[in-house]
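Enquirer: Dumping the structure here so I can ask a few things about it.
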């Protein structure tokens with residue numbers, strides 16, 4: 001128990017690494033997280049055809065398949081804007097549907 005507390009304290013003292021404004025994979029993952037928050041069954045989400053363009057300010061597009069409240073799989077197109085600024089990242093879902 002004490003070890004877990006010490007590890008937690010040490011990890012909280014470690015400075016947060018700034019986001020990489022040119023990391024396409026990090027940007028796509030941020031967009032996926034925001035899209036999942038809007039889905040009825042986020043655990044069923046399967047992403048496809050994802051494209052990311054930009055640097056610092058990114059546009060991410062793609063499709064997501066997920067279950068609706070009746071269990072049927074539906075496909076939706078999405079578009080996100082992701083802004084990476086040093087140690088902060090802001091993501092906005094512009095369209096989903």
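The values are calculated or read from the model by the stated rules, or taken from the named source; none is laboratory data. The structure presented is a predicted model; accordingly, all values stated were derived computationally and were not measured. Please note: Cβ atoms are built from the backbone with ideal geometry, for glycine as well, and neighbour counts cover all protein chains shown.
Enquirer: Applying the selection to the stretch 73-96, what residues are exposed (fewer than 11 other Cβ atoms within 10 Å of the Cβ) and touching a residue at least 60 places away in the same chain (Cβ under 8 Å)?
Expert: Those that are exposed (fewer than 11 other Cβ atoms within 10 Å of the Cβ) and touching a residue at least 60 places away in the same chain (Cβ under 8 Å): 86, 87, 88.
Enquirer: For the stretch 42-97, give me each residue that is touching a helix residue (DSSP H, G or I) at 6+ places or on another chain (Cβ under 7 Å) and part of a loop (DSSP other than H, G, I, E, B).
Expert: If the condition is that a residue be touching a helix residue (DSSP H, G or I) at 6+ places or on another chain (Cβ under 7 Å) and part of a loop (DSSP other than H, G, I, E, B), then 45 is the only one that fits.
Enquirer: Would you confirm, using the coordinates I've provided, whether residue 43 is loosely packed, with under 12 Cβ neighbours inside 10 Å and more than 13 Å from the chain's Cα centre (by Cα)?
Expert: Yes; evaluated as a whole, the condition is true for this residue.
Enquirer: Shifting gears a bit: Residues in the stretch 19-40: is at least one surrounded by fewer than 14 Cβ atoms within 10 Å (Cβ to Cβ), farther than 19 Å from residue 89 by Cβ, at pLDDT 90 or above and over 10 Å from the mean Cα position of the chain (by Cα)?
Expert: yes
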